[in-house]
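Novice: Sharing a structure with you now.
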Amino acid sequence: MDLLKSIFSKTVVGLDIGVSGIKAVEVSIGKKVSLIAYNRISLPWGTITPEGTVKNDLAIIGALKKLFSGKSFSTSNVSVGIFGNSVLSKPIHMPKMAKKDIEEQIYWEAEQYIPFNIEECSIDFAVVGNTVQKVVAGTESTIEVLLVAVKKDYIQSFTGIIERAGLNPIVVDYQAFALGNAFEFNYTSELSDLTAGETNVVIDFGAGSTKLSFIERESTVFTTKISSCGSGYSQLISERLGENFDQAEVIKLTESDSALVSPIIQDYNAHLSSEVQKNIDVFLAQMGERSLRKIFYCGGGSKTPGLIEMLHDKYPEQIEPLNPIKNLIVPRSKSNMKMLEDLSCLGTVAVGLALRKPGD
Ligand SMILES: Nc1ncnc2c1ncn2[C@@H]1O[C@H](COP(=O)(O)OP(=O)(O)OP(=O)(O)O)[C@@H](O)[C@H]1O
Ligand SMILES: [Mg+2]
């Protein structure tokens, strides 16, 4: 790729390196935002564990080189999402103060909440809003903040892999914030007139985990993940039918309506959908005066036959697919319908990352 072109580039390619594959999205950011390119490549199972540990850096480097070898992307500057056990997010309350003061104070506050050595972490946060809390002597005005801490050595080794593929990671984002960013960009008009406490839930049904982000107006207020996920179906098929994991994955995708496979999928649908419901109930019970507005879903696992129907039974008025290209200008032609369908289901995190600007 042309080095000068990348130095002067105003865009970044959003790079979502997930457990089952890499999705890359580039958009042009002007008055309106248009899609420049989208591409995706699979990774062999086990390249990255669901906990975010990279087991095969060469597989990632090879896949990235392949993904960027064509002419689709105009820059090698990338914005990358990180996830897994090296990242911790926690809602906290701080005394009411200006945003610039939070930036200074948050390190001191973070220390008591984070099980890692704070010196070894990068800290990020999102301001949720002002609240009034009960204290012994009456009430106290506080500010609610979603704190995110990531181990610096994890960021270094992850971005190091990306650099070895010839790319230039200039933004590193928490995957859940990228998910929220894509949601906010596409649903701004719906979000502006919500009342305090009305919460949207975005669920990303991934291969290695199911991620839930709780979003109020334009702020992510809480994030959590469930270990039941897309690969869980394949693991259950593998156990029950005595096939290896890769064969079970193919069976899941090609024989889901067979008499042998369908009941296994339905069992796992019941398990996953009740895990989702449990997590939403816990959020509503623990996070103060909040109500559920809508549930938006995305991610490859959401294509599993019967899963969304089961969630629909639980939340008939509230569930709908998240469209990550709703507010993007996208050239539509017969030839790219399949690509757009793929992007709509799998590309939400990558869209959220692509919307970041250098310096974010
Ligand atoms: N038609 C389908 N039916 C059932 N499952 C599907 C279908 N298409 C994709 N999947 C599953 O979706 C998962 C991949 O989705 P996705 O690309 O969103 O995950 P990922 O981003 O790689 O994972 P993670 O977010 O956990 O890192 C795989 O488990 C795959 O088997
Ligand atoms: Mg994913």
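All of the numbers you see were taken from the coordinates with simple rules; none came from a lab. Since we're looking at a predicted model, the values are computed, not measured. So basically every Cβ, Gly included, is an ideal-geometry build from the backbone, and we count neighbours across all protein chains shown.
Novice: Once fully extended, how much extra length lies between residue 244 and residue 278, figured as 0.36 nm per residue of separation less the alpha-carbon to alpha-carbon distance?
Specialist: Numbers: separation 34, 0.36 × 34 = 12.24 nm, distance 3.07 nm.
Taking 0.36 nm per residue and subtracting the Cα distance, the gain is 9.2 nm.
Novice: Can you give me the distance in nm between label points at residue 113 and residue 326, each placed 7 Å from the Cα along the Cα-to-Cβ direction?
Specialist: Calculated label separation equals 2.8 nm.
Novice: Let me ask you something else. What nm value, rounded to one decimal, do you get for the distance between residue 41 and residue 259 when each label is placed 7 Å out toward the C-beta?
Specialist: Taking the simple label geometry, residue 41 and residue 259 are separated by 4.4 nm.
Novice: Label-point separation (nm) for residue 317 and residue 164, each offset 7 Å from Cα along Cα-to-Cβ?
Specialist: 5.3
Novice: So if a site counts as exposed when it's one of the GluC sites (Glu not before Pro), its DSSP state isn't H, G, I, E or B, and it has at most 10 other Cβ atoms within 10 Å, what's the longest stretch of the chain without one?
Specialist: It runs 1-288.
Novice: What Rg and what Dmax come out for segment 197-321 when only alpha-carbon atoms are used, in angstroms?
Specialist: According to the Cα coordinates of segment 197-321, Rg and Dmax are 15.3, 48 Å.
Novice: Ratio to report: Rg/Rh of segment 249-360, with Cα atoms as the point set and Rh obtained by the Kirkwood method; give two decimals. Intermediate values should be presented prior to the final figure.
Specialist: Values: Rg = 17.2 Å, Rh = 16.6 Å.
Rg/Rh: 1.03.
Novice: Averaging over all projection directions, find the projected area of the Cα convex hull of the chain and quote it in nm² with one decimal place. Before the final figure, lay out the partial values.
Specialist: Working: hull surface 78.9 nm².
With every direction weighted equally, the projected area is 19.7 nm².
Novice: What value, in deg cm²/dmol to 500, does the helix sum -39500 (n - 2.57) over DSSP H runs of n ≥ 4 give at 222 nm once divided by the residues of the chain?
Specialist: After summing the helix terms and dividing by residue count, I get -11500 deg cm²/dmol.
Novice: In debye, nearest 20: dipole of the chain around its Cα centre with unit charges on the Cβ of K, R (+) and D, E (-)? Working shown, then result.
Specialist: On the way: 35 positive and 42 negative charges, 242 e Å.
Magnitude of the dipole: close to 1160 debye.
Novice: For a test of understanding, tell me how many lysine pairs in segment 197-321 have Cα atoms under 15 Å apart, given they are 8 or more places apart or on different chains.
Specialist: On the way: 211/225; 211/278; 225/278; 252/303; 278/314; 294/314.
Taking the Cα cut-off of 15 Å, the pair count is 6.
Novice: Further, regarding this structure: If Lys and Arg each add +1 and Asp and Glu each add -1, what is the summed charge of the other residues whose beta carbon sits under 10 Å from the beta carbon of residue 201?
Specialist: On the way: positive: 293, 294; negative: none.
Its environment carries a net charge of +2.
Novice: Per residue of segment 206-218, in order, report the coupling 6.51 cos²θ - 1.76 cosθ + 1.60 (Karplus, θ = phi - 60°) as ³J(HN,Hα) in whole Hz, putting x for Gly and Pro.
Specialist: Rounded to whole hertz, the list is x, 6, x, 6, 10, 9, 10, 10, 9, 10, 10, 6, 10.
Novice: So what is the relative contact order of segment 197-321, in percent, for Cα pairs below 8 Å that sit 6 or more residues apart? Please list the in-between numbers first.
Specialist: Working: 186 pairs, mean separation 37.9, N = 125.
Across segment 197-321, relative contact order equals 30 percent.
Novice: Provide the gained length on full extension for the span residue 69 to residue 122, in nm with one decimal, where the gain is 0.36 nm per separating residue minus the Cα-Cα distance.
Specialist: Values: separation 53, 0.36 × 53 = 19.08 nm, distance 3.21 nm.
Full extension of this stretch gives 15.9 nm more.
Novice: What list of ³J(HN,Hα) values in whole Hz, one per residue of segment 235-245 in order, does the Karplus curve 6.51 cos²θ - 1.76 cosθ + 1.60 (θ = phi - 60°) give from phi, with Gly and Pro shown as x?
Specialist: 5, 5, 5, 4, 5, 6, 9, x, 9, 6, 4
Novice: Same structure, new question: Express the relative contact order of segment 43-106 as a whole percentage, based on alpha carbon pairs under 8 Å and six or more residues apart in sequence. Spell out each step's value before the answer.
Specialist: Working: 26 pairs, mean separation 18.3, N = 64.
Relative contact order of segment 43-106: 29 percent.
Novice: When only DSSP loop residues count, what trypsin sites (Lys or Arg not before Pro) in segment 22-83 have their Cβ near at most 12 other Cβ atoms within 10 Å? Before the final figure, lay out each step's value.
Specialist: Details: sites: 23, 31, 32, 40, 55, 65, 66, 71; in loops: 31, 32, 55, 71.
Those that pass, being in a loop and sparsely packed, are 31, 32, 55, 71.
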